[in-house]
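Engineer: I have a structure here, written as structure tokens, and I will follow up with some questions on it.
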Amino acid sequence: MHTYDFHFNENRMSGYYLKITNAGFESLAINDSHGTDMRKYYLMLYVSKGKGTLYINDSTFRLEQHAVFLIPPDTSYEHRADEKDPWILYWVGFQCKDPSTILRELKYTPKQPFFYCNDRIEDIIVQIYYEMRRIDCNYLLLDSYLLLIFSKIIQSRKSGGFLIQGDNLQKACTYISSHIHEKLKVGTVAKESCGINVSQLYRIFMNKLGMSPHKYIQLAKIEKACELIRYTDMSFHDIAQFMGYEYDSQFFQVFKQQMLVTPSEYRSKMSEEPNNNEFINGIFRIASKSGDYSGSKD
């Protein structure tokens, strides 16, 4: 189990209609559970991957990828990862002076404390997590992130759908993003996201993005790893495991190949210039132009 959680203290939250208390994420093992818990604030959890069970209000709910479940204050609950496909969870805790409007718009009820969201909201929660850790944290920005999550859930419920259909490139990219923590194979992406073969997916990526699906997956994984290196104190081993690499050496090799520096060099550079995006943007521009036009399809 790998858990990363950041909390605000009370005196940093005063004066706001919405008060974010904490944000974090974790990758759980088979049947993992923290046991029965209860919070003094609302806790919204998003299932990024896998399955699990929520026990709340004397009811049991089986939930899977893209589910969002909301735990009210002073409510006893437990969540447990699936015995075959354990979930990865992202969460944000918040307080609200008048939650009735938000709960009504979300169509939340104690008998149905969960909903499914068309849009992946884990990236927004990660941004909240990063912003909270900044010395010069922008509280208004945090509020806007939380409101954005609410709006995405509300729009998703109005659409009545699960995943909105799009073209095959969009479907493939969404699938890759949703399964970024797994050991992805191009054949699996092609079949599961679009129902097409590897050659067809390869042509789509080359025509529209100028890179192969394999290259895109590598860059997407390394971009996410860069965020974890830059904004968390996770070890390189934990990052490699979290991003679905079987061996640390494989992660180091791909990172150096794509970023032109080692993970250690990257973290050192970012700690020297924490507010400078030029370094990372420049490297990604180089990496995106630098290769894998060789036709690698898996």
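The values are calculated or read from the model by the stated rules, or taken from the named source; none is laboratory data. These numbers come from a predicted model, not from an experiment. For neighbour counting, all protein chains shown are included, and Cβ atoms are generated from backbone atoms with ideal geometry for every residue, glycine included.
Engineer: Regarding the stretch 181-201, can at least one residue be identified that is assigned to a loop (DSSP other than H, G, I, E, B) and β-branched (V, I, T)?
Structural biologist: Initially, the stretch 181-201 is screened for residues assigned to a loop (DSSP other than H, G, I, E, B), giving 181-185, 195-197.
Adding the requirement that they be β-branched (V, I, T) leaves 196.
Looking for residues that are assigned to a loop (DSSP other than H, G, I, E, B) and β-branched (V, I, T), one finds at least one in the stretch 181-201, hence yes.
Engineer: Here are the criteria: (1) under 27 Å from M234 (Cα atoms); (2) at pLDDT 85 or above; (3) within 21 Å of the chain's Cα centre (by Cα). Tell me which single one T3 does not satisfy.
Structural biologist: Only one criterion in (1) under 27 Å from M234 (Cα atoms); (2) at pLDDT 85 or above; (3) within 21 Å of the chain's Cα centre (by Cα) is unmet by T3, namely (2).
Engineer: Could we say that I154 is at pLDDT 85 or above and within 27 Å of Q170 (Cβ to Cβ) here?
Structural biologist: Values: at pLDDT 85 or above: no; within 27 Å of Q170 (Cβ to Cβ): yes.
Here the answer is no, as I154 does not meet what is asked.
Engineer: Please go through the stretch 220-239 and pick out each residue that is part of a helix (DSSP H, G or I) and without any contact (Cβ under 8 Å) to a residue 12 or more places away in the chain.
Structural biologist: H237
This table checks each residue for (1) farther than 26 Å from I56 by Cα; (2) not β-branched (V, I, T).
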position: D98; (1), (2): no, yes
position: R104; (1), (2): no, yes
position: I124; (1), (2): no, no
position: E131; (1), (2): yes, yes
position: A190; (1), (2): yes, yes
position: Q200; (1), (2): yes, yes
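Engineer: Quick one: how many residues across the stretch 181-193 are within 22 Å of the chain's Cα centre (by Cα) and in contact (Cβ under 8 Å) with a residue 24 or more places away in the chain? Quick ask: steps written out before the conclusion?
Structural biologist: The first filter runs over the stretch 181-193 and keeps only residues within 22 Å of the chain's Cα centre (by Cα), leaving 181-186, 188-190, 192-193.
Then keep just the ones that are in contact (Cβ under 8 Å) with a residue 24 or more places away in the chain; that gives 181-186, 189, 193.
Qualifying residue count, the stretch 181-193: 8.
Engineer: Among residues belonging to the stretch 6-21 that are out of contact with any helix residue (DSSP H, G or I) (no Cβ under 8 Å at 6 or more places or on another chain) and at pLDDT 85 or above, point out the one that is surrounded by the fewest Cβ atoms within 10 Å (Cβ to Cβ).
Structural biologist: T21
Engineer: Say we look at the stretch 28-45 and pick out the residues that are surrounded by 15 or more Cβ atoms within 10 Å (Cβ to Cβ) and either β-branched (V, I, T) or part of a strand (DSSP E or B) (or both); which of these is modelled with the lowest pLDDT? Spell out the reasoning first.
Structural biologist: To start, the set of residues in the stretch 28-45 that are surrounded by 15 or more Cβ atoms within 10 Å (Cβ to Cβ) comprises 28, 32-33, 39, 41-45.
Filter once more, so that each one left must be either β-branched (V, I, T) or part of a strand (DSSP E or B) (or both): 33, 42-45.
Numbers: S33: 90, Y42: 94, L43: 95, M44: 94, L45: 94.
Applying the filter and picking the extreme gives S33.
Engineer: With respect to E192, is the statement that it is modelled with pLDDT under 90, more than 16 Å from D123 (Cβ to Cβ) and in contact with a strand residue (DSSP E or B) (Cβ under 8 Å, 6 or more places away or on another chain) true? Spell out how you get there, then give the answer.
Structural biologist: On the way: modelled with pLDDT under 90: yes; more than 16 Å from D123 (Cβ to Cβ): yes; in contact with a strand residue (DSSP E or B) (Cβ under 8 Å, 6 or more places away or on another chain): no.
Criteria not met by E192.
Engineer: Give the residues of the stretch 263-298 that are modelled with pLDDT of 50 or more and either under 17 Å from E227 (Cβ atoms) or outside any loop (DSSP other than H, G, I, E, B) (or both), sorted by residue number.
Structural biologist: P263, S264, E265, Y266, R267, S268, K269, M270, S271, E272, E273
Engineer: Criterion first (touching a Leu at 6+ places or on another chain (Cβ under 8 Å) and of a type outside the set (D, E, K, R)) does I124 satisfy it?
Structural biologist: On the way: touching a Leu at 6+ places or on another chain (Cβ under 8 Å): yes; of a type outside the set (D, E, K, R): yes.
For I124, the condition - touching a Leu at 6+ places or on another chain (Cβ under 8 Å) and of a type outside the set (D, E, K, R) - is met.
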